[in-house]
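Worksheet: one structure, shown below.
The values are calculated or read from the model by the stated rules, or taken from the named source; none is laboratory data. Values in this document were obtained by computation on a predicted structure and should not be read as measured data. For neighbour counting, all protein chains shown are included, and Cβ atoms are generated from backbone atoms with ideal geometry for every residue, glycine included.
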Amino acid sequence: MNEIDYSPFWNESLKQLEQELGEHEFAIWFNIEYAGATPNSIRVRVPSAFYRDQFVKAYQKTFEAKLADLTGKNLTLEFLVEKKQTAPETAKGGAPKSPDPAAPAAGRPARSKHPSLRTDLTFENFVIGENNSFAANAALAIAKNPGTAYNPFLIYGGVGLGKTHLMQSIGNRVWAEAGKAKIICLSAEEFTNEFIQSIHDKTTHAFKNKYRQADILLIDDINFLEKKMGSQEELFHTFNALYDTNKQMVFTCDRPVSELKNLSDRLRSRFERGLNVDLQPPNYETRCAILRKKAESAKLPVPTEVTDIIAKNISTNVRDLEAALMKLSAYAALVGKSITLEIAQQQLKDVFSQSKHGNVTIDHILRVVADHFKISYGDLKGKKRTKNIAYPRQVAMYIAREITEYSTTELGLEFGGRDHTTVMHGCQKIEERLKLDPALETNIQQIVAAVKEMSAKG
């Protein structure tokens, strides 16, 4: 395979990403090295399997998009798990001694995998606790006998609780045991985009055949389908075709389908026809087990007292637990030290402090935003739609969504009994402005800091 030098584009990509992400975030997440390239890929050296997995989830697509902008080519990142040559011998978080089947290596073909399934999302590495045991056992039953019971299967819950993990675990188990099964796994957004493209290309017949001939259909985040009536109509007919032929369907959603107000009644009834289960935030014991499992799989030595302090201070979701462990792994690899309780307390103090913003209330946010924009607290919750009121209200909605665990439905109620779509629209408006106005991000950060300060005082 011919080597090619993409290092100038690599260096420029890193430079731009550091500017976009900030020095602190960049230092934590981009402990990576250029290790060579082929015409269509770049090999990347990372310090541990755990680091690789977290980087892939958080930044691979962003990095590849940046490289595509600079090179004009769609380059794939291939990860090599090994210690940096310059790292001290005592550094933790290095390469595992045994081969890692998920990491590409020279001279060894990558293990066979389904093109739309992630190999790291399996039942084997899913930690079962009180919050998810019902859902996990149902998913296992489905994987053993797809299409015979619990069809459709819908998993709902907040961010980072394992919905996608369970859904993909079903796909991976069926794929491993029945490799010829036609499994389609995608997000509702991808389904919608593909449907729109098929209309544009006049290939709707091929689109319909593709999905209606599936053995297993896995669709993530069906909440995206709200107000997209064409996509809903197509999914409705696809649903009927698969259901009538006993083909398994699995869906995830960020809330119960009963709360999807802009979903057609007949499609809603189809989702509710099968088994709907919710996932709750993991309890302390489950959080400890998750941390130990993640550390074991990454061959990352983490003392019990460290997993204990993380589990006690982070109670939101699995994703936040992983991020905390990732930060410690990155620090250990960078400075060549073993992870200790003292290091964990020092490196995660901001994370622990932030996690305690469960004390943050909508009242705190409204009061700080009202003070910042020199308007009244009552106006933010009131019915006025003038620009000087609507814009601060959107800012408050955006901040509330970002730093609290409230659903958009709950936020709507807090903001004067508004519909959740109003909250979503307000947040989208702020997201659009953030892309055009760098100063707005600074203002929002100032408001968030003031909110946290207020909440800390009680």
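Computed quantities for the displayed model
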item	result
Residue in the range 222-236 that is nearest to residue 143 (Cα to Cα), counting only those that are in a loop (DSSP other than H, G, I, E, B) and out of contact with any helix residue (DSSP H, G or I) (no Cβ under 7 Å at 6 or more places or on another chain)	226
Enumeration of residues in the range 142-170 that are under 25 Å from residue 244 (Cα atoms), out of contact with any strand residue (DSSP E or B) (no Cβ under 7 Å at 6 or more places or on another chain) and surrounded by fewer than 24 Cβ atoms within 10 Å (Cβ to Cβ)	143, 144, 145, 148, 149
Pair list, Cβ < 8 Å and 6+ apart or interchain, from the range 7-31 residues that are over 17 Å from residue 73 (Cβ atoms) and modelled with pLDDT of 80 or more to residues that are among the β-branched types (Val, Ile, Thr) and assigned to a helix (DSSP H, G or I)	17/62
Test result for residue 287, under 23 Å from the mean Cα position of the chain (by Cα) and more than 24 Å from residue 411 (Cβ to Cβ)	yes
Residue count, the range 382-401 (criterion: polar (S, T, N, Q) and either touching a residue at least 40 places away in the same chain (Cβ under 8 Å) or within 16 Å of residue 365 (Cβ to Cβ) (or both))	1
Extreme residue, farthest from residue 147 (Cα to Cα), among residues of the range 181-210 that are out of contact with any Leu (no Cβ under 6 Å at 6 or more places or on another chain) and small (Gly, Ala, Ser)	198
Tally of residues being buried (at least 17 other Cβ atoms within 10 Å of the Cβ) and assigned to a loop (DSSP other than H, G, I, E, B) across the range 257-279	3
Residues that are touching a residue at least 12 places away in the same chain (Cβ under 8 Å) and either farther than 13 Å from residue 217 by Cα or part of a strand (DSSP E or B) (or both), drawn from the range 237-252	237, 248, 249, 250, 251, 252
The range 424-458, residues that are in a helix (DSSP H, G or I) and among the acidic types (Asp, Glu)	431, 432, 441, 453
Yes/no for residue 365 being part of a helix (DSSP H, G or I), out of contact with any Phe, Trp or Tyr (no Cβ under 8 Å at 6 or more places or on another chain) and not small (Gly, Ala, Ser)	yes
Qualifying residue in the range 183-202 (condition: in a loop (DSSP other than H, G, I, E, B), at pLDDT 95 or above and under 18 Å from residue 246 (Cβ atoms))	no
Filter pass, residue 343 being on the phi < 0 side of the Ramachandran plot, touching an Asp or Glu at 6+ places or on another chain (Cβ under 6 Å) and assigned to a helix (DSSP H, G or I)	no
Boolean, residue 124 is out of contact with any Asp or Glu (no Cβ under 8 Å at 6 or more places or on another chain), closer than 17 Å to residue 221 by Cα, surrounded by fewer than 16 Cβ atoms within 10 Å (Cβ to Cβ) and at pLDDT 90 or above	no
Residue in the range 291-311 that is within 30 Å of residue 150 (Cα to Cα), touching an Asp or Glu at 6+ places or on another chain (Cβ under 9 Å) and part of a helix (DSSP H, G or I) present	yes
Filter pass, residue 324 being farther than 20 Å from residue 159 by Cα, under 21 Å from the mean Cα position of the chain (by Cα) and outside any loop (DSSP other than H, G, I, E, B)	no
Neighbours by Cβ (under 7 Å, 6+ apart or cross-chain): first from the range 406-423, assigned to a loop (DSSP other than H, G, I, E, B); second not charged (D, E, K, R)	406/400; 415/397; 415/423; 416/382; 418/412; 419/412
Filter result for residue 421 (modelled with pLDDT under 85, crowded, with 18+ Cβ neighbours inside 10 Å and polar (S, T, N, Q))	no
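Residues are listed down the side, and each one gets a yes or a no for (1) within 22 Å of the chain's Cα centre (by Cα); (2) not polar (S, T, N, Q):
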residue: 391; (1), (2): no, yes
residue: 394; (1), (2): no, no
residue: 398; (1), (2): yes, yes
residue: 403; (1), (2): yes, yes
residue: 409; (1), (2): yes, no
residue: 424; (1), (2): yes, yes
residue: 428; (1), (2): yes, no
residue: 443; (1), (2): no, no
residue: 447; (1), (2): no, yes
